[in-house]
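The values are calculated or read from the model by the stated rules, or taken from the named source; none is laboratory data. Everything quoted here is computed from the prediction, not taken from an experiment. In this analysis, Cβ positions are derived from the backbone assuming ideal geometry, glycine residues included, and neighbour counts consider all displayed protein chains. Calculation scope for accessible area: heavy atoms of the full protein, side chains included, ligands and nucleic acids excluded. Shrake-Rupley method; radii C 1.70, N 1.55, O 1.52, S 1.80 Å.
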Amino acid sequence: KELTYMHSEGIAAGELKHGPLALVDSTMPIVMIIMNDRCALKSQNALEQIVARGGRPIIICPIGHKPAAGGIELPTIEVPQLVDCLQSVITVLPLQLLAYHLACLRGHDVDCPRN
């Protein structure tokens, strides 16, 4: 948010049905993190709901684990599978790079954000 000056929200997979799912369509940018962990089933269910509504999410997932939904191939960013305590560290890197590149494309000074 702060680097790109774009609204964004992080939503847990289990909370998707409580409102945000109504906003999903083919024009909404969605990035999902789906790991092989205790939340994998909820994340897969959320992915299927998003695809059923026309969403085309970008998936961050472990190497070799490409989730499928609706019979379509979704774009993925694969990261190494690590122990749980380190997984979030490696998983957030693609999101930080996405924010950096979006800010650059929008012409924002990434080394000196406002405020």
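Answer yes or no as to whether THR4 is of a type outside the set (Asp, Glu), at pLDDT 90 or above and open to solvent by less than 50 Å² (accessible area, probe 1.4 Å). Spelling it out, it is not the case that THR4 is of a type outside the set (Asp, Glu), at pLDDT 90 or above and open to solvent by less than 50 Å² (accessible area, probe 1.4 Å). GLU9 meets all of the listed conditions (1) in contact with a strand residue (DSSP E or B) (Cβ under 6 Å, 6 or more places away or on another chain); (2) within 30 Å of PRO113 (Cβ to Cβ) but one, namely (1).
Looking across segment 7-42, the residues that are touching a Pro at 6+ places or on another chain (Cβ under 8 Å) and modelled with pLDDT of 85 or more come down to ILE11, ILE30, VAL31, MET32, ILE34, MET35, ASN36. Could you check, for segment 48-69, whether at least one of its residues is touching a residue at least 40 places away in the same chain (Cβ under 8 Å), among the aliphatic types (A, V, I, L, M), surrounded by 10 or more Cβ atoms within 10 Å (Cβ to Cβ) and on the phi < 0 side of the Ramachandran plot? No, segment 48-69 contains no residue that is touching a residue at least 40 places away in the same chain (Cβ under 8 Å), among the aliphatic types (A, V, I, L, M), surrounded by 10 or more Cβ atoms within 10 Å (Cβ to Cβ) and on the phi < 0 side of the Ramachandran plot.
All conditions in (1) among the charged types (D, E, K, R); (2) in contact (Cβ under 8 Å) with a residue 12 or more places away in the chain; (3) assigned to a helix (DSSP H, G or I) hold for GLU15, with the sole exception of (2). Filtering segment 18-46 to residues that are of a type in the set (S, T, N, Q) and assigned to a loop (DSSP other than H, G, I, E, B) leaves SER26, THR27, ASN36. Close contacts from segment 18-33, counting a first residue that is of a type outside the set (Val, Ile, Thr) and a second that is at pLDDT below 90 and surrounded by fewer than 15 Cβ atoms within 10 Å (Cβ to Cβ), with Cβ to Cβ under 6 Å and a gap of 6+ residues or different chains, come to PRO20/ILE11.
I'm trying to understand the selection: among the residues of segment 71-115, which are surrounded by fewer than 15 Cβ atoms within 10 Å (Cβ to Cβ) and β-branched (Val, Ile, Thr)? Passing the criteria: ILE72, VAL83, VAL89, ILE90, VAL92, VAL110. Summed over segment 64-101, residues that are in a loop (DSSP other than H, G, I, E, B) and under 28 Å from ARG53 (Cα atoms) total 10.
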